[in-house]
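Student: Sending over a structure as structure tokens; questions will come in a sec.
The values are calculated or read from the model by the stated rules, or taken from the named source; none is laboratory data. Remember, predicted model here, so these are calculated numbers, not experimental data. Positions of Cβ are backbone-derived with ideal geometry, glycine not excepted, and every protein chain shown enters the neighbour counts. All accessible areas refer to the heavy atoms of the entire protein, side chains included, with ligands and DNA or RNA removed. Shrake-Rupley method; radii C 1.70, N 1.55, O 1.52, S 1.80 Å.
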Amino acid sequence: MAIDDMQRTPLIAGNWKMNLDLTSAGDLAKALHQNLDGLPGRDVVVIPPTPLVHAVATILDESTIKVGAQEVRAEASGAYTGDTSIEMIKSIGATYCLVGHSERREYHDETNKSCCEKIRALLNAGITPIYCVGEKLATREAGETLKFVEEQLRVGLGDIDGEEVLHVVVAYEPVWAIGTGKVATPEQAQEVHGHIRGYIGHLFDPEDGEGIRILYGGSVNAENIDGLMACPDIDGALVGGASLKADVFERIVKFEDV
Ligand code: PEP
């Protein structure tokens, strides 16, 4: 995709996490295809569990809705039982991939350094990384959120250059807001998003900071999406639980553009 086509079109991504099966994922994909295909002014991505990516991508093949994977390994192939390579997800229809989701950092020892390797390898393969950053509650309460997120960005984006950074999507997901029902206020989210934009401008080029898409994630739902999307530096949402119901996800995608 040309960089111009990518620039800050609102992007709503649904992370299905470890939910659904072949039948229910197919039903959800069909409903989204019917109601969101071709929607102007929005980029929509669904991110099923890896075993369901192929089936979902097949259903959405003729639609404008893109499919992502939740996890990959940076190595091309080898003795990594249970892992999935980038070529594998690419060959079954994924064009996006989450990197550094807090649940991977928590349960699978994902580090900023391993995120960096994955982002490099994904960009080499032409897959768009959605790089997740965000602080735990203790970090926020210690007043260290901005410094913490800066470090995640500095290391995670440490092996790419200014031209490439616009092919990355950043998702700010405060860990204390994920799956908890405690959404960040628009003011809290905007403060961090504005800071991320400025910091990416500092790491690369101010134009890159202006051009990169930064999603908010953490208990996004049909009630709070409009307020979040009204913030100048929020370019979309990474939605977990609320992406599993077609009508709720559709309402989120069709947020009120105020
Ligand atoms: C997520 O999985 O990235 C997420 C933000 O989950 P939820 O919307 O359920 O908080």
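Student: With an 8 Å cut-off on Cα pairs and a minimum separation of 6 or more residues, tell me the relative contact order of region 2-53 in percent.
Tutor: The value is 59 percent.
Student: Oh, and also: Quick check: with the 1.4 Å probe, what order do TRP176, TRP16 take by accessible area, largest first?
Tutor: TRP176, TRP16
Student: Could you tell me the center-to-center distance, by alpha carbons, between region 87-153 and region 163-238 in angstrom?
Tutor: Rounded to whole Å, the Cα centres lie 14 Å apart.
Student: I've got another one for you. Send over the per residue convex hull volume for region 78-207, Cα only, as a whole number of Å³.
Tutor: Residue-normalised Cα hull volume stands at 126 Å³.
Student: Report the GluC sites (Glu not before Pro) located in region 114-193 that are in a DSSP loop and have at most 16 other Cβ atoms inside 10 Å of their Cβ, or state none.
Tutor: GLU144
Student: Here is a further query. Any idea how far apart GLU207 and GLN7 come out in nm if each label point goes 7 Å out from Cα toward Cβ?
Tutor: Inter-label distance under the simple model: 0.8 nm.
Student: Would you mind working out the accessible area per residue for the chain, using a 1.4 Å probe, and quoting it in Å²?
Tutor: 45 Å²
Student: Follow-up question, since we're still on this one. Sort VAL183, VAL170 from largest to smallest accessible area, using a 1.4 Å probe on the heavy atoms of the protein chains.
Tutor: VAL183, VAL170
Student: Taking a 23 Å limit on the Cα-Cα distance, which of the listed pairs LYS182/LYS245; LYS66/LYS90; LYS90/LYS182; LYS17/LYS245 fall beyond it?
Tutor: LYS90/LYS182
Student: Just the number, please: carbon plus sulfur as a percent of the accessible area of region 165-213, 1.4 Å probe, no ligands or DNA/RNA counted.
Tutor: Using a 1.4 Å probe with all protein chains present, region 165-213 comes out at 53 percent carbon and sulfur.
Student: Grab the Cα-Cα distance for HIS108 and GLU187, subtract it from 0.36 nm times how many residues apart they are, and report the gain in nm with one decimal.
Tutor: Answer, rounded to one decimal: 25.3 nm.
Student: Moving to a separate point now. GNM on the chain, C-alpha springs below 10 Å: top fluctuator among ARG213, ARG120, ARG140?
Tutor: Comparing ARG213, ARG120, ARG140 in a Gaussian network model of the chain, the most mobile one is ARG140.
Student: Let me check I've understood the local charge: for LEU123, count other residues with C-beta under 13 angstrom from its C-beta, Lys and Arg +1, Asp and Glu -1. What total comes out?
Tutor: -2
Student: Let me ask something additional. Taking 1 over the mean of 1/r across every pair of different Cα atoms in region 8-253, what Kirkwood radius in Å do you get?
Tutor: 17.9 Å
Student: Estimate the FRET efficiency between GLU87 and LEU22 by the formula 1/(1 + (r/R0)^6), using the beta-carbon distance for r and 25 Å for R0, to the nearest 0.05.
Tutor: Step by step, r from the Cβ atoms, then E = 0.65.
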